[in-house]
Structure formats: C-alpha cells, structure tokens
Amino acid sequence: IYQFHNPAVMPVPGAASGLYEAMLQAKEQGKIRYIGITNHRLVVARQAALSGLYDTLQFPFSYLSEDREIELVQTCRAQNVGFIAMKALSGGLITHAAAACAWLTRFDQVVPIWGIQRMRELDEFLSLIANPPTLTDELQAVIDADRQELGGDFCRGCGYCMPCPQGIEINTCARMSLLIRRAPSEALLGPAGQEKMRRVADCVDCGQCSAKCPYNLDTPALLRKNARDYQEVLAGKPL
C-alpha cells in the first residue's frame, strides 16, 4: 500500500500535480499494489471513500469517535475500501487496551494502528489479537466513562497546527489537562513541562493554529484553558 499523506485536496486523475498518475504508473510497474490516502479532514476522507480511486483510507478512529466517523467507516465498507484506524488509542488518551480492542473488532474491515511504544504493550496486544475480547457490560462502562470525560472538543495531538510562531508546543500544551491525568504525570509537571506551559502566555492569537486544525478547534482558547488548569494543579488541585 502506498498512501498520499493528509493532502488538503484529494489527488485525482487529470490534476495539474500529476500525483495520481504517478501512483498509477507505479502500480503498473509493480512497485506498489494498492493506492491509499490518509487524512484528518472528514470532508476529504468521505470524498476519497466515495471516489472509487482509492483502495484504502487511513483516518483517526477509536471508541471516542463520533457518529459521523462511524458513518465514514460504514461508507468505506459499502464501497469496498479498506479502513486503517489511525490513533486507535486516541494518541495515548485511551489507556484500556481490552476495551479499545473489543470496540474496534466489531468493524470487520478496520485494521487499527495501536501506536505501541513498549514491548509489554506489544505483548498485550498480541494476546488480545490471539484471544479477541468481547464487548462486555464492564468494558462498555469503561468506554462510556471515557466518552463522558474525553468527548467533544479536545486536541488529538496530530501536530498539523505546528510549528507555532511563538514556540508553543501546541500538540502537547493543548491537551495537557488530559495527559497529566491519563499518563505518568511526574515528568509533565516537572521543570520541562512547566517551561512548555509557560510559553502559552506568549500566544498572540494569530490564528495560524486554528486555521490549520483539521478538527476546527479554537486552539488559542484551548491552550489558555489547559494552562489555567495546569497552574491550578501545580498549586495543589488534585488530579
């Protein structure tokens, strides 16, 4: 599979760029077998799924996804387009592997990217794949609780807002409130983390980050909200 990575406009035959023709030529030469596309923009992803031009679509998908993303998966299935679930653990915000696996295995044409970083995580997912968990009431309760906490307008950490002209590490700072509660917080609350969050005060509301965000977030407002919470935690607010 050879994929176009997150194009703002879907490559099509006849476009001035010649990108799609290059893919077709590579396929004819036996260099690739399938033409795929990745995206974070639902409009582009849906267009690709319906175009008949792509064998696979890679798009963020996890149990935090909304109905419109589930509809996209169903559209891909109807169009015989393979679906690769990007950020199947929502960039590390989902911490219950069994719940994530049980939810995703309900979609038979979806192949998840789990984002494994440690050998023990690989072992855990290999075990789950060998013995797929069923979506029990207990696991559904985990999913419901995470959706309640994490649903809505939150930073997915994709990084397409970067770089920031003011040097703010947006894809960390805009979701710091979630990270310090769902990951080991010691390093995040240490000097390096504090320096990152201090830079949020340098935001001048230029709007570049919001303009580039594929989820249409009000990024400056999200940064300020996370910075306030971070300072409250440093002052003693319980996690």
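Bear in mind these aren't lab numbers, they're just calculated from the coordinates by the rules spelled out. Bear in mind the structure is a predicted one, so any value in this text is a computation, not a measurement. Note that we place each Cβ from the backbone using ideal geometry, even for glycine, and neighbour counts take in every protein chain shown.
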(message) Which order do the peptides 109-122, 223-236 come out in when sorted by mean C-beta neighbours inside 10 angstrom, highest first?
(response) 223-236, 109-122
(request) Using a 10 angstrom cutoff on alpha carbons, build the Gaussian network for the chain and name the most mobile of C158, C206, C173. (result) C206
(request) Would you work out the charge dipole size for the range 2-139 about its Cα centre, treating the Cβ of every Lys and Arg as +1 and the Cβ of every Asp and Glu as -1, and quote it to the nearest 20 debye? (result) 400 debye
(request) Would you calculate, for the chain, the mean residue ellipticity at 222 nm contributed by helices, counting each DSSP H stretch of 4 or more residues as -39,500 (n - 2.57) and dividing by all residues, to the nearest 500? (result) -13000 deg cm²/dmol
(message) Calculate the FRET efficiency for A141 and E28 from the Cβ-Cβ distance with a Förster distance of 45 Å, rounded to the nearest 0.05.
(response) 0.30
(request) Using only the alpha carbon atoms of the chain, find the Kirkwood hydrodynamic radius as the inverse mean reciprocal pair distance, in angstroms to one decimal. (result) 19.7 Å
(request) Please give the FRET efficiency for I70 paired with Q231, using the beta carbon to beta carbon distance and R0 = 30 Å, rounded to the nearest 0.05. (result) 0.20
(message) Expected output is a single nm value to one decimal: the length gained when fully extending between Y215 and R118, i.e. 0.36 nm times separation in residues minus the C-alpha distance. What is it?
(response) 32.0 nm
(message) Roughly how far apart, in whole Å, are the Cα centres of the range 1-42 and the range 78-120?
(response) 24 Å
(request) State whether the range 95-171 is rounded, prolate or oblate according to the following rule on the C-alpha gyration tensor (a ≥ b ≥ c being the square roots of its eigenvalues): a/c under 1.5 gives rounded; otherwise a/b larger than b/c gives prolate, and the remaining case gives oblate. (result) prolate
(request) State the answer as a single residue: which of M86, A98, T134 lies farthest towards the positive end of the charge dipole of the chain, with beta carbon charges of +1 for Lys and Arg and -1 for Asp and Glu, about the Cα centre. (result) M86
(request) Return the subset of K87/K237; K31/K212; K87/K225 for which the Cα-Cα distance in this structure is over 27 Å, preserving the input order. (result) K87/K237; K31/K212
(request) Pull out the extension gain between S17 and T105, defined as 0.36 nm times the separation in residues minus the alpha carbon to alpha carbon distance; nm, one decimal. (result) 27.9 nm
(request) Can you tell me how much longer the chain between A78 and Y2 gets when fully stretched, taken as 0.36 nm per residue apart minus their C-alpha distance, in nm with one decimal? (result) 25.2 nm
(request) Classify the range 2-139 as rounded, prolate or oblate, taking a ≥ b ≥ c as the square roots of the eigenvalues of its Cα gyration tensor: rounded when a/c is under 1.5, otherwise prolate if a/b is larger than b/c and oblate if not. (result) prolate
(message) Could you work out the relative contact order of the chain? I mean the mean sequence separation of Cα pairs under 8 Å and 6+ apart, divided by the number of residues, in percent.
(response) 13 percent
(message) Largest first, please: the extent of the C-alpha atoms of the range 170-234 along each principal axis, to the nearest Å.
(response) 33, 22, 17
(request) List the pair-distance distribution P(r) of the range 6-80, using every Cα-Cα distance, as the percent of pairs falling in each 5 Å bin from 0 up to the bin containing the longest distance, rounded to whole percents. (result) 3, 16, 25, 23, 17, 9, 5, 2, 0
(message) Of L64, A15, L178, which is farthest towards the positive pole of the chain's charge dipole, taken about the Cα centre with +1 and -1 on the beta-carbons of Lys, Arg and Asp, Glu respectively?
(response) A15
